[in-house]
Amino acid sequence: PPGFEHPEKYKENEYEYIPALIEDNPVYAHDQNYLRSLAALPSRMRMAYLEGRWDLFAGQYFDIFNVRAHTGAGKELAELCATPWLPRWISIDWGFEHPSAVYWHVQDGKRTITYRELVESRLSPRSLAHEIIERSRGEKIDAVYLSPDAYAQHSEGATIADQLGSILVTAPNGGIPRPAPADNDRVGGWMLMYQLLEAQEWLISDYCQQLIETLPELIRDGRNVEDVAKSEGDDCADAARYGLKSRLGARRPPLETRLVERMSEVDKRAEERGTAMSPTVRALYAQKFENEERRKDRPLFLRRFWRRR
């Protein structure tokens with residue numbers, strides 16, 4: 001366009017992208033015919049034209065990833081992530097020529113927050129462990145999940161996992177746990193990540209820029225559409241997958257499934273006694289079990305105790 005005859009003079013920081021959606025347009029925001037025509041478009045075109053999602057493309061795995069919905073300001077999340085009683089863990093995809101990718105996660109009720117990122121190439125296992133310790137100061141880490149291949153690779157007479165662990169346990173305040181092999185179920189891991197994004201149960205701090213940039217670029221494997229195609233630079237996504245699948249993979253069954261299982265146990269005991277439950281008693285049991293299971297699903301909120309000055 002005019003004025004851009006010399007693109008080398010373009011300075012990105014002099015421009016700001018301001019999205020404008022249909023509701024910002026005073027003419028078309030209330031034009032029901034126009035809105036219906038946009039809503040009837042194929043899904044990807046609809047998301048682009050109606051929702052302003054221009055980052056979608058054919059074969060994209062995380063086609064629901066939305067920076068506005070799935071990321072949060074690091075400064076605003078810092079206080080929450082620093083809450084000492086929340087469970088937190090680390091996940092690592094080891095690499096040397098390929099970068100090592102490390103993520104810190106914290107659980108806040110049902111929501112998982114990935115709040116810190118470390119992506120570095122050509123770090124020895126011990127140097128990487130020291131970097132992790134430095135960034136984890138003042139935090140209680142419950143677990144560390146490491147890419148399984150690090151348990152087979154040997155360097156200096158010991159596995160990568162052994163070298164990392166020998167340094168992590170020397171961290172102040174009781175150390176950081178030795179790494180455990182991460183769950184490397186690729187299909188199950190990607191699916192879990194997709195489900196967490198869909199349910200708004202995974203939030204990524206904007207401090208994790210490389211992960212945020214990587215997720216929308218992942219495409220489906222042509223030979224197995226349930227898997228993500230391996231690509232240059234997917235280390236960040238793999239490291240995040242290790243952390244989420246290893247920690248959250250054994251998710252609780254749906255409420256309905258748990259209620260059926262508990263009622264089946266009651267029926268079995270009644271059958272063993274040779275008695276039959278009346279509809280009223282059965283309904284009371286069902287209500288009791290439902291209340292108990294719903295309480296288990298509630299996030300745990302702990303009262304803050306402030307030290308009196």
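The values are calculated or read from the model by the stated rules, or taken from the named source; none is laboratory data. What you see is a predicted model, and the numbers here were worked out from it, not measured in a lab. Cβ sites come from the backbone with ideal geometry, for glycine too, and all protein chains shown count toward neighbours. Note: areas computed on protein heavy atoms with side chains; ligands, DNA, RNA excluded. Shrake-Rupley method; radii C 1.70, N 1.55, O 1.52, S 1.80 Å.
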Which listed residue, of Gln200, Gln209, is of a type in the set (S, T, N, Q), surrounded by 14 or more Cβ atoms within 10 Å (Cβ to Cβ) and either within 20 Å of Leu118 (Cα to Cα) or under 18 Å from the mean Cα position of the chain (by Cα) (or both): Gln209
Report every pair of residues separated by at least 6 positions or lying on different chains whose Cβ atoms are under 8 Å apart, first residue within the stretch 226-238 and within 12 Å of Gln210 (Cα to Cα), second among the β-branched types (Val, Ile, Thr) and open to solvent by less than 20 Å² (accessible area, probe 1.4 Å). Gly233/Thr214; Asp234/Thr214; Asp234/Val228; Cys236/Thr214; Ala237/Thr214; Ala237/Val228
Residues located in the stretch 182-210, provided they are aliphatic (A, V, I, L, M) and under 21 Å from Ser147 (Cβ atoms): Ala182, Val187, Met191, Leu192, Met193, Leu196, Ile204
Just checking, does the stretch 34-50 include any residue being open to solvent by less than 20 Å² (accessible area, probe 1.4 Å) and in contact with a Ser or Thr (Cβ under 7 Å, 6 or more places away or on another chain)? no
Just the residues that are open to solvent by 10 Å² or more (accessible area, probe 1.4 Å) and part of a strand (DSSP E or B), please, taken from the stretch 128-150. Ala143, Tyr145
Looking at Val106, is it crowded, with 17+ Cβ neighbours inside 10 Å, without any contact (Cβ under 8 Å) to a residue 60 or more places away in the chain and under 30 Å from Leu146 (Cα atoms)? yes
The condition from (1) touching a Leu at 6+ places or on another chain (Cβ under 7 Å); (2) open to solvent by less than 30 Å² (accessible area, probe 1.4 Å); (3) closer than 30 Å to Arg223 by Cα; (4) modelled with pLDDT under 95 that Ser100 misses is numbered (4)
Which pairs have Cβ atoms under 6 Å, sit 6 or more apart or on different chains, and link a residue in the stretch 69-81 that is assigned to a helix (DSSP H, G or I) and at pLDDT below 90 to one that is aromatic (Phe, Trp, Tyr) and open to solvent by less than 40 Å² (accessible area, probe 1.4 Å)? Cys81/Tyr115
Being open to solvent by 100 Å² or more (accessible area, probe 1.4 Å) and closer than 27 Å to Trp202 by Cβ: is that true of Glu16 here? no
